[in-house]
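Read the structure below first, then the notes.
The values are calculated or read from the model by the stated rules, or taken from the named source; none is laboratory data. Here the structure is a predicted model, which is why all the values come from computation and not from measurement. No Cβ is skipped: glycine too gets one built from the backbone with ideal geometry, and neighbour counts run over all protein chains shown. Note: accessible area is taken over every heavy atom of the protein model, side chains too, but ligands, DNA and RNA are not part of it. Shrake-Rupley method; radii C 1.70, N 1.55, O 1.52, S 1.80 Å.
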Amino acid sequence: QVQLVESGGGLVQPGGSLRLSCAASGRFFDSYAMDWYRQASGVQRELVASITSGGSTNYADSVKGRFTISRDNAKNTMYLQMNSLKPEDTAVYYCYAETRGFGYWGQGTQVTVSS
């Protein structure tokens, strides 16, 4: 069983920045494939960014050049640095971990981009 806890969400003005964190339990965090998803109100959950156990990354076209996903295996934590935020980035952000054929979700953290 893997537990994931997101933090770092909040209200930010357009053009601002936030850094989300996802703290994971488990002894083998460095082997987890990790993702950030987001879900806006009334919209299907979408994949934002991914990072493999080896550190390879992928991004949705809508966030390329603005968001950076990273991980610190020594702290069992994944991050999402979000810059140049837009109102359309407003959503609940979830972290997701996959290991040994099982997937786990965090509870989500709200990000609101508004003036």
Euclidean distance of C-alpha centroids, segment 72-115 and segment 1-49, integer Å: 1 Å
Heavy-atom accessible area per residue - the chain, 1.4 Å, Å²: 53 Å²
Rounded to whole Hz, the Karplus (6.51, -1.76, 1.60) HN-Hα couplings of segment 43-57, x for glycine and proline: 10, 5, 4, 10, 6, 9, 7, 9, 9, 7, 4, x, x, 6, 10
Long-range HN-HN contacts of ARG71 with modeled amide H, under 5 Å: TYR79
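Cα-based Rg of the chain per 2.2 N^0.38 Å, rounded to two decimals?
Output field value: 1.00.
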Sulfur and carbon atoms: percent of accessible area, the chain [1.4 Å]: 45 percent
Computed label-point distance, nm, for sites GLN39 and ARG100 using a 7 Å Cα→Cβ extension: 2.6 nm
Peptides 10-23, 86-99 ordered by average Cβ neighbours within 10 Å, highest first: 86-99, 10-23
Using θ = phi - 60° and Karplus 6.51 cos²θ - 1.76 cosθ + 1.60, couplings along segment 32-38 (whole Hz; Gly, Pro as x): 6, 7, 10, 9, 10, 10, 9
Cβ-derived FRET efficiency at R0 30 Å, ALA74 paired with SER17, nearest 0.05: 0.80
